[in-house]
Every structure is written in C-alpha cells, then in structure tokens.
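Before any comments, here is the structure.
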Amino acid sequence: MPRSGHGSALSRSGSRSWSSPGFGVLTRGGPPPRAAGGKPSFAALEAAVRSLRFKHPDRDIHVVVDATLRHDVSAEERPQVEAAIADGKVVQPPAGTEGRGDALVISIAEEVGGVIISNDNFAPFQKANPWLRDAGRILGATHSQRVWVFTWRVPNAVSPARPR
C-alpha cells in the first residue's frame, strides 16, 4: 500500500474501539499533514486524533504508525514520535510484520470489532478480510481549512487481475 496506512477504529456493535492507521491520517489529510519539504507532520496526526477524540469521546482509539515514521518526520518532530511510541500513545508493528502497519490496523479492528479510520482501500487485504468492504467499518479522514472531517466510506473493490 502506498504509505498511507494506518488508522483508528471505533466499534460498530457496542464495542468502544476504533483502529486508526496513523500514517494514513498523517499523509492523506491535505496540506497541514505535510510540513515544508513534503515531510509527514506528527503534529498533524496529533491534531487529527484530538479532533477524533473530541467528536467521539466514548471511543477507544488505537493509533498505528509504520516504523519508518520516526525517520520520515522532520528532525524537530522525531523526539515527539519517539516519546509517543515509548508512552504507548501510538504503536507500530513488530519488525518483519507482513503487511506492516496496515496488517496491524486490520488485526486490531477485527479483534475488537472496531472501525478503521483511513482513506486507504486496503486492496491487498480485501480478499482475506472481506468485512473491510462492509458498510460501517471504515471512516475516511479529510482536513479542510483547519477542520478534520470524518465520513463513512466503503473502499473500492479490488478488480480481479486480467490475463495478458
């Protein structure tokens, strides 16, 4: 998946959890998530999570980031990323995890019956996890004029490969 990947999740059926691939929110929210020079912004991720918590205070939010995040943000934000990981505010998949952060987000959401917050289609994972295309399982995130907006979405279906 193109480095979008992770989100938050909330529950559909009484569960209180949301699973959010942080990197997905981080890189897909428009200009503020990227700092000058096109680097992802950890401050933007924190703003998105704050907005989500404000709008849904009764939900447990799991934020997942790729291990590369600490290297992709600006040098000024690296200590914040390291502290968030050390404090358990964000989690990253163990080294060598097949599917990286996306796989962890999907696993968390499946385990807790949660909702994934991401703009990703999770194409490589749809066949093994058909519930990803069920209504009420994925919430998209958009940043518009300093406001985070979260809307329900269904990922595009993966087309079967055509023989050449």
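The values are calculated or read from the model by the stated rules, or taken from the named source; none is laboratory data. Because the structure is a prediction, the values reported are computed rather than measured. For neighbour counting, all protein chains shown are included, and Cβ atoms are generated from backbone atoms with ideal geometry for every residue, glycine included. When the accessible area is computed, the model is the full protein with side chains, heavy atoms only, and any ligands, DNA or RNA have been set aside. Shrake-Rupley method; radii C 1.70, N 1.55, O 1.52, S 1.80 Å.
For this structure, a couple of remarks:
- Scanning segment 86-100 for residues that are open to solvent by 40 Å² or more (accessible area, probe 1.4 Å) and either within 16 Å of the chain's Cα centre (by Cα) or hydroxyl-bearing (Ser, Thr, Tyr) (or both) yields Gly88, Lys89, Val91, Gln92, Thr97, Arg100.
- Qualifying residue in segment 105-115 (condition: touching a helix residue (DSSP H, G or I) at 6+ places or on another chain (Cβ under 6 Å) and within 24 Å of Phe54 (Cβ to Cβ)): no
- Screening segment 118-163 for residues that are more than 14 Å from Ile106 (Cβ to Cβ) and hydroxyl-bearing (Ser, Thr, Tyr) and picking the one that is nearest to the chain's Cα centre (by Cα) gives Thr142.
- Condition met for Trp152 (in a strand (DSSP E or B) and open to solvent by 80 Å² or more (accessible area, probe 1.4 Å)): yes
- Summed over segment 69-99, the residues that are without any contact (Cβ under 8 Å) to a residue 60 or more places away in the chain, assigned to a loop (DSSP other than H, G, I, E, B) and on the phi < 0 side of the Ramachandran plot give a count of 13.
- Summed over segment 138-147, the residues that are closer than 18 Å to Arg59 by Cβ and either touching a Leu at 6+ places or on another chain (Cβ under 9 Å) or loosely packed, with under 15 Cβ neighbours inside 10 Å (or both) give a count of 3.
- Unique residue being open to solvent by less than 50 Å² (accessible area, probe 1.4 Å) and modelled with pLDDT of 90 or more when the list is Ala83, Ala128, Ala135, Ala103: Ala83
- Annotation: of all residues in segment 41-59 being in a loop (DSSP other than H, G, I, E, B) and charged (D, E, K, R), the one that is most open to solvent (accessible area, probe 1.4 Å) is Asp58.
- Residue list for segment 109-125, restricted to those being of a type in the set (Gly, Ala, Ser), part of a helix (DSSP H, G or I) and surrounded by fewer than 21 Cβ atoms within 10 Å (Cβ to Cβ): Ala123
- Just one of (1) open to solvent by 30 Å² or more (accessible area, probe 1.4 Å); (2) at pLDDT below 50 fails for Phe23. It is (1).
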